[in-house]
1. Extending each Cα 7 Å along its Cβ direction at residue A:241 and residue C:41, get the distance between those two points in nm, one decimal.
2. Kindly rank B:6-16, C:37-47 from highest to lowest mean number of other beta carbons found within 10 Å of each residue.
3. Which chain A residue puts its Cβ closest to the axis that rotates A onto C, and at what distance in whole Å?
4. Taking residue D:202 in one copy and the same position in all the others, each labelled 7 Å out along Cα→Cβ, what are the pairwise distances from the first, in nm, shortest first?
5. Please say if region C:104-257 is rounded, prolate or oblate, where rounded means a/c under 1.5 for a ≥ b ≥ c the square roots of the C-alpha gyration tensor eigenvalues, and otherwise the choice is prolate for a/b larger than b/c and oblate otherwise?
6. Can you give the FRET efficiency for residue A:147 and residue D:147, using 1/(1 + (r/R0)^6), R0 = 22 Å, r = Cβ-Cβ distance, to the nearest 0.05?
7. As a check on your grasp of the helix formula, calculate [θ] at 222 nm for chain D: sum -39500 (n - 2.57) over DSSP H runs of n ≥ 4, divide by the residue count, round to the nearest 500.
8. I'd like the distance between the alpha-carbon centres of region C:1-48 and region D:127-146, rounded to an integer number of Å.
């Protein structure tokens, strides 16, 4: 059975910037989805900010193994209840690939708990992406490094918690370095942050970038977990026979406060 | 110089429950602050939900090395902008001790990114708190374990990210177990979650609990860090001499999107 | 294709203790291998201390996806060069399941770097194993907890580094608690430590224990990684054109010191 | 009270290489110790491979808060029992700073469990060390980055477990990048690996390098922990009243096997 991917695109620059339209006539989301669909194990579709519920209905998420997220100009336009929904699904086991400027997205900051701030420069310089763990599934098929001819610089300090694994480390012609490929676990969801992908350059057309995305999709856990949050609401009967003692705040059978 | 602690209390049950009033006539926050103030190295004051800005003004937070957080019935009453402020301060290096039902507080869930759900039972049963790391500063002065005569049971599964360190593991008379003392790092802030502390029992009067809180305050980093988030807003000039190339989205001198 | 498992057994108590012989007439290793082989996806064979090279030749390890390790009385009899070999294979991506008293094995202590010490008691008491992460692949098919009717107590403090994930937490009738299921990553190898399994009780005959072992085997990474340690021996030519400067210690073409 | 530092030097190149003698007439260890001793809070002495017990007697280690380790040509000459001793002390709470080629030392590999392999080149090129966490105590007083005019390149992949924190990331003129400042916890010991420090260049004379070492010494935990490994040898009496049941392997009062 295929891995079901939903490629989420903010789809704003594609409407407003001629430069971006020329690089991605069908939008970045379609470019990414098309690349993923070249792989017979992957079945990718798209969703965008402008659709009802941003294209991320309960039904869509239930049928999504891996969600990719690209946003930049309209992070604040993403409705909180959709972010809640995506977060809940990630904690249940859906994989999330956060791309480039998605580092400032509501969903990434919410899952990580930090500002996710970094330094940046838009100068079309070259980025050299080094592989820190050549045996990692996400790095399979790559050499020791690859180059992105034109990129936006993202540099340290990058305020994120210590990652589960560091897969890539980038250097930019202007001199900076950056932790450009990081994995996290939150609940049962695997998260992969991958920094290349500025909208004014043809980065998602590049074979190495597409390979990383395909690898990352396959690295994703295909078996959603079973964190049953709602079974935690009511008081749990004891395993051992105990005598209840002392004062209580909760009425019998009531749900806990939260 | 003393370690400056602000003991934050939700202070709701203290107003509404006779049981809680009897156990904590001055409120749990004052009980905790008094215990901390017995230590000559610590200078603790209180703040509560009902005060303007919940007692957590910019000025108060700037003068706080360690913030302790107890909340239960009114998590949703805590204003988001105060949560933003506390989070920012933690990321800059303020230490945060999250107590008992604070596991569902906005600030804890925001810093951890998960539901922080758990199972629970209010039956006045005994809790035995085991020390997992006898050499950790937070466990100094304790034996192999100590007992809380009457407690609310908090049990696994506890949906939190893998902690930085696990200090305590609790067992309850009714049979469950729980990771009852966990540390995290977010930005430069140290976070300690400690589960004992139900409002209807005199847990914060217990010497071992007070010792853990004093230890945790001292374990806190006294030197706030220097994550200068705002210096990341404008584009960063390169270190190496590079020639800007290609199309750009950002106007010269503009701030990045977020 | 099947997952190839090698079940390593120290096989000493089976030769010297009548009690153990009665519980495991064919040895613990055969009991474990038989259980694993009930699963059509798994193909398990055994290896023991007494065989040449402890049954762990280069060829055997090359054909092993997952190695399980049970040892107790003869940790010091395991030859260091075999430990070197197993460690190298784990770092390349072979999965390692360390069972019960294997916590003091050379291979586990070498991969973790700590004493791996714990407290213990052999009193045939009951152990209740709680699931900390119900959505984890290793916990699939289990309820909230299961019980081992007779077990050896292993208690905190357990001196191990912070694990990658905590899957199980045990409580014993005598009162102690223990982190009984932990995962680690070292190189590309996944490691799972699972504490139940004392030799004088029929623990490996128990369905829940066998289920955990099967789950853990499947959780193992099937694609060995590609950490090419030896390509790091000789000096690496630069990517950028640089002029060599200054004094050197190494002769051109020589291998580095280690 | 001062922080007591023992600066351990292999002291081999200093005897055999004229180049190294010129850069470090008194040996690298004395250069490092002198720099540390400029700080009134630090009291540093040296120890070398050639001394009895490599200068690391039980007494010396008992009086050491922080041990720094530089080795390159003679890792295999370090006696295993001294490595055992240092490891035990680290697990009890002594801090360890591992410098440059010390990545291949017995003690570092033993504490980390991986090969600690990396790529390298001795070409006297420039290294730019970037600060990943400007708020970390080890980075205080530094700017966004500093440069080492002549260095030996150490590049990814660096086979180490995921660190506790990543403080520095280096780039080299020849193009490679490297995680050049990493922290770990093992038992109660804090470990800091810092890669600059090749013997043929005057790196330990450089103010920024000396500042990092002083900062790292102060970051070290001053209160050694209390992991009492030996209290785990004999069986532990139960907390709850239990009836011993079933067969036993251990004689009453005997020590456990390991």
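1. Simple spin-label model gives 4.2 nm for this pair.
2. Working: B:6-16: 22.3, C:37-47: 16.7.
Descending mean neighbour count gives B:6-16, C:37-47.
3. Nearest residue, distance rounded to whole Å: A:164, 4.
4. 5.1, 6.9, 7.7
5. prolate
6. Details: r = 23 Å, r/R0 = 1.06.
It comes to 0.40.
7. On the way: 7 runs with 58 residues, N = 258.
So the helix-based figure for chain D works out to -6000 deg cm²/dmol.
8. 53
FYI, it's all coordinate maths here, none of it is from the lab. Owing to the predicted nature of the structure, the values given are computational and were not obtained by experimental measurement. No Cβ is skipped: glycine too gets one built from the backbone with ideal geometry, and neighbour counts run over all protein chains shown.
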